[in-house]
Amino acid sequence: MSGARPGLRPAVFLDRDGTVIEHVHHLTLPDQVRLIPGAADAIRRLQSLGFACVIVTNQSVVGRG
């Protein structure tokens with residue numbers, strides 16, 4: 001990526017619910033996770049282009065454990 005400073009890498013922040021996985025109200029169990037079709041391939045493509053991919057969420061249940 002031109003113009004990037006040495007040691008730095010571009011990043012993409014992706015919302016977990018509705019972007020990477022199907023939205024589940026108060027997701028608490030791993031078996032409730034369903035990837036959105038094409039999400040894994042899109043993340044792999046971003047990584048192959050040099051992007052760090054960060055999954056974020058604002059779900060309060062995550063903070064409560």
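A few points about this structure:
- In segment 2-22, the residues that are basic (Lys, Arg), within 18 Å of CYS53 (Cβ to Cβ) and either surrounded by fewer than 14 Cβ atoms within 10 Å (Cβ to Cβ) or free of Cβ contacts under 8 Å to residues at least 12 places away in the same chain (or both): ARG9
- Selection from segment 23-45 of residues that are within 19 Å of SER60 (Cβ to Cβ) and either open to solvent by 100 Å² or more (accessible area, probe 1.4 Å) or touching a residue at least 12 places away in the same chain (Cβ under 8 Å) (or both): HIS23, HIS25, HIS26, LEU27, THR28, PRO30, VAL33
- Answer residue from segment 46-58, given it is open to solvent by 40 Å² or more (accessible area, probe 1.4 Å) and not in a strand (DSSP E or B) and is modelled with the lowest pLDDT among those: ASN58
- Residues of segment 32-45 that are at pLDDT below 95 and part of a helix (DSSP H, G or I): GLN32 alone.
The values are calculated or read from the model by the stated rules, or taken from the named source; none is laboratory data. Keep in mind that this is a model prediction, so the values were computed, not measured. Methodologically, a virtual Cβ is constructed for each residue, glycine included, from the backbone with ideal geometry; neighbour enumeration extends over all protein chains shown. When the accessible area is computed, the model is the full protein with side chains, heavy atoms only, and any ligands, DNA or RNA have been set aside. Shrake-Rupley method; radii C 1.70, N 1.55, O 1.52, S 1.80 Å.
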